[in-house]
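The values are calculated or read from the model by the stated rules, or taken from the named source; none is laboratory data. Please read these numbers as outputs of a predicted model, since none were measured by experiment. As a convention, Cβ positions derive from the backbone with ideal geometry for all residues, glycine included, and neighbour counts pool all protein chains shown.
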Amino acid sequence: MKTPLTTVSVNHHSTVNVLQITDPHLFADKTRDLLGIVTWDSFTSVINAAIGKVYDFVVITGDISQDYSVESYQHCAEALSVFDCPVFLLPGNHDELSMLERHVVADNFYHQARVQAGNWQLHMLNSTSGTRPGGEFCQQRLEMIEQRLQSGQDHHQMLLMHHNPVLSGSHWLDQHCLKDGPQFLERLSGYPQVKAILWGHIHQAFDQIQNGIRLLASPSTCVQFLPNSHDFALDTLQPGYRLLQLHTDGSIDTQVHRLEGARFIPDSAAQGY
Ligand SMILES: [Fe+2]
């Protein structure tokens with residue numbers, strides 16, 4: 001296991017290619033479903049669909065487990081073992097950090113690391129609050145992020161986390177956003193090298209630009225939440241993943257890919273999450 005704040009230099013193309021996979025919500029029992037979707041099946045289906053695409057490394061942006069079990073984390077490691085490139089992980093609100101770091105382990109797995117790839121740096125951040133489903137950076141983490149940005153001023157920067165630092169548009173979800181998102185974004189205004197923020201948590205694709213920063217979120221590998229819904233609601237879109245191309249001039253191309261067909265349909269009677 002690699003300790004937090006490790007800096008990892010990765011081999012890359014002239015353009016840095018990233019595969020994001022997020023929010024698998026695995027159980028100890030591989031046959032268990034979350035709101036009608038068997039999360040092991042959907043997770044491995046997404047991985048199988050992504051294998052063979054162009055990426056230099058993989059980022060997993062939290063909510064690995066749905067039941068906090070050792071086995072769920074071991075299952076995650078098993079599924080991710082198909083990747084021979086570096087795999088970077090950070091925790092979500094459904095994760096127990098110590099279990100994640102203890103049981104999702106391999107020589108090419110790294111937890112909460114800084115990724116060095118050409119003239120890009122990516123920072124895998126912990127936005128969890130420990131007790132609440134919502135996220136929080138708090139003063140100490142905000143200062144740590146600023147220190148990292150100050151030490152990497154000659155690099156394009158991307159910040160990765162679990163929680164959304166801006167509102168998603170779904171009231172029920174936004175109760176659990178990053179509590180100090182406005183303060184976080186305010187601090188970033190002094191760092192024009194920050195090109196993008198990428199997160200999970202909201203189980204839907206999101207792509208906006210605010211103050212010159214690309215704000216991105218991605219589908220879960222299991223259930224999808226319906227965008228712009230005041231109350232809890234599921235979407236019937238299929239699980240998916242995101243690819244990103246980080247160019248040397250700081251520009252970004254990105255695409256969301258979803259599984260073909262309609263294999264993973266959530267329980268239409270589900271009232272909550
Ligand atoms: Fe999630």
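Would you be able to tell me the number of residues in segment 7-37 that are assigned to a strand (DSSP E or B) and away from the ligand (no atom under 16 Å from the Cβ)? Please lay out each step first, then the result.
First, pick out the residues of segment 7-37 that are assigned to a strand (DSSP E or B): 7-9, 16-21, 26, 33-34, 37.
Filter once more, so that each one left must be away from the ligand (no atom under 16 Å from the Cβ): 7-9, 16-19.
So the answer is 7.
Here's a check for you: in segment 50-85, which residue that is of a type in the set (Val, Ile, Thr) and away from the ligand (no atom under 16 Å from the Cβ) is nearest to residue 201 (Cα to Cα)?
Just the residues of segment 50-85 that are of a type in the set (Val, Ile, Thr), to begin with: 51, 54, 58-61, 64, 70, 82.
Then drop every residue that is not away from the ligand (no atom under 16 Å from the Cβ), which leaves 51, 54, 58, 70, 82.
On the way: 51: 23, 54: 24, 58: 17, 70: 21, 82: 24 Å.
Per the criteria, the residue is 58.
Would you say residue 209 is under 20 Å from residue 124 (Cβ atoms) and at pLDDT 95 or above? If you could, list the steps in order and put the result at the bottom.
Details: under 20 Å from residue 124 (Cβ atoms): no; at pLDDT 95 or above: yes.
No: the conditions fail for residue 209.
Working carefully through the options 246, 216, find the one that is in contact (Cβ under 8 Å) with a residue 60 or more places away in the chain and buried (at least 16 other Cβ atoms within 10 Å of the Cβ).
On the way: 216 fails: in contact (Cβ under 8 Å) with a residue 60 or more places away in the chain.
It is 246.
Can you tell me which condition residue 52 does not meet? The list is (1) over 20 Å from residue 255 (Cβ atoms); (2) assigned to a loop (DSSP other than H, G, I, E, B); (3) small (Gly, Ala, Ser), and all the others hold.
(1)
Please state which of the following conditions residue 4 fails to meet, knowing it meets all the rest: (1) modelled with pLDDT of 95 or more; (2) farther than 17 Å from residue 85 by Cα; (3) more than 16 Å from the ligand (Cβ to nearest atom).
(1)
If we keep just the residues of segment 157-169 that are in a loop (DSSP other than H, G, I, E, B) and either surrounded by 22 or more Cβ atoms within 10 Å (Cβ to Cβ) or within 16 Å of the ligand (Cβ to nearest atom) (or both), which is modelled with the lowest pLDDT?
168
Please pick out the residue among 265, 197 that is of a type in the set (A, V, I, L, M, F, W, C), farther than 21 Å from residue 51 by Cα and not in a strand (DSSP E or B).
Details: 197 fails: not in a strand (DSSP E or B).
265 is the lone residue from the list that is of a type in the set (A, V, I, L, M, F, W, C), farther than 21 Å from residue 51 by Cα and not in a strand (DSSP E or B).
Residues being free of Cβ contacts under 8 Å to residues at least 24 places away in the same chain and within 16 Å of the ligand (Cβ to nearest atom): count how many of those fall in segment 170-204.
Going through segment 170-204 one residue at a time, the tally reaches 1.
Working only within segment 181-191, note down all residues that are modelled with pLDDT of 95 or more and assigned to a loop (DSSP other than H, G, I, E, B).
191
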